[in-house]
Amino acid sequence: MNAPKSRDWQQWEHVAVPADTAQAPTLLLLHGTGADERDLLDLGHALAPGAALLSPRGRVDENGANRWFRRLREGVFDVDDVVARAHELAGFVAAATEHYGMNRDRLIAVGFSNGANIAAALLLLHPELLRGAALFAAAAPLQGREPEHVDLSAASVFIAAGTADPITPIDQARLLADQLSRRGAHTQFAQHPGGHTLPPDVLTAARTWLAQLVSAPAT
Ligand code: MLT
C-alpha cells in the first residue's frame, strides 16, 4: 500500500539533516522509549557518513516517555495502535522526504528497541517505503496480525539481538527475522552476548551491512 502523504507532517517534531550528495542514502532514525529525535543522530552519522537523516519524535506519551505506539505492559502491544501509528508514520515519511528532497530509492530505517519495533511494522505494512532496515533490540510488533501476502524481496534487514536482553527476549528477534525472511526479505541476524543495548562490534557489523546495501544497484 502506498502511504498517502500526511498533510500535518510539519507538526511532527523532527530533525532533518541533508545528504552530502544526491546519491547518498536516507536514514529514517527511530529512537527507543523515552528518547527523542536527537538520540540517534550520532548513530546515523556513524552508520552512514554523508547520508540524509530524517529523525522524528514518537508521538505517544507514556508517563512522559516518547514512544511510537501504546503498549498494555512490557512486551504486550496495543496492536491496533501499532497499525494506526505505522500508517501515520509512513505518511509523515512520504511527505517529509519529498519536502526535503531526500533520496527515497535508498530509504533505510534505523531503529532501537521501540523504534525498531515500529520500523518492523513499517516493513510489514508499507513494504514499498523502505529499502532496508537496521533493527537493534527488536521484537515482532504485530503479535499474530502480520499480513501474509507481503513481498519483501526488495528489502534487506539487519537484526541485532542480545542473548541477555531482559526487555526484549531474543526469541522475539528470531521470530521477527523469520517473519521477514518468509516474506522474502534478505535478513542478516547478529546475535551478541549483551542486553538491551548496541555493542560496538554490532555497530561495526551494521556499518558493513549498510555499506553493502547502499552500494548495490537501487531496485
Ligand atoms: C516496546 O515496548 O516497544 C519494547 O518492549 C521495548 C521498549 O520500548 O521498552
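The values are calculated or read from the model by the stated rules, or taken from the named source; none is laboratory data. Not measured: the values here are computed from a predicted model. Backbone-built Cβ (ideal geometry, glycine too); neighbour counts: all protein chains shown. What goes into the accessible areas is simple: the full protein's heavy atoms, side chains included, and nothing from ligands, DNA or RNA. Shrake-Rupley method; radii C 1.70, N 1.55, O 1.52, S 1.80 Å.
Remarks
- Close amide-amide hydrogen proximity is noted between Glu62 and Arg67, each under 5 Å apart and 5 or more residues distant or on a separate chain (H modeled in the peptide plane; Pro and chain starts excluded).
- Residues Asp178 and Ser215, FRET efficiency given R0 of 41 Å [Cβ-Cβ distance, rounded to 0.05]: 0.90
- Cα gyration tensor shape of the range 17-140, rounded if a/c is under 1.5, else prolate or oblate by comparing a/b with b/c: prolate
- Full-stretch length increase - Asp36, Glu13 - with 0.36 nm per residue and alpha-carbon distance subtracted: 7.4 nm
- Under Stokes-Einstein, with the Kirkwood radius over Cα pairs as Rh, the value for the chain at 25 °C and 0.890 mPa s is 146 µm²/s.
- At full extension, Arg73 and Thr163 could sit 30.3 nm farther apart than now, given 0.36 nm per residue minus the alpha carbon distance.
- One chain, two ends: Ile170 and Asp81. Fully extended at 0.36 nm per residue, the span grows by 29.7 nm beyond their Cα-Cα distance.
- Residues whose amide H falls under 5 Å from that of Val15, counting only those 5 or more places apart or on a different chain, are Ser55, with hydrogens built in the peptide plane.
- When each of the peptides 93-102, 69-78 is scored by how many other beta carbons lie within 10 Å of its residues on average, the order from highest to lowest is 93-102, 69-78.
- Near-label residues of the range 157-187 by backbone N, under 19 Å of a point 7 Å along Cα→Cβ of His149: 180, 182-185
- In nm, spacing of pseudo-spin labels at Arg59 and Thr208 (7 Å Cα→C-beta vector): 4.0
- Ranked by how many other beta carbons lie within 10 Å on average, peptides 184-195, 47-58 from highest: 47-58, 184-195
- The order of the peptides 110-116, 164-170 by mean Cβ neighbours within 10 Å, most packed first, is 110-116, 164-170.
- Note that the chain presents 44 Å² accessible area per residue, ligands and nucleic acids not counted, probe 1.4 Å.
- Look at the Cα gyration tensor of the range 124-210: its axes a ≥ b ≥ c give a/c of at least 1.5 with a/b at or below b/c, and that counts as oblate.
- Of the solvent-accessible surface of the chain, computed with a 1.4 Å probe over protein heavy atoms with every protein chain present, carbon and sulfur atoms account for 48 percent.
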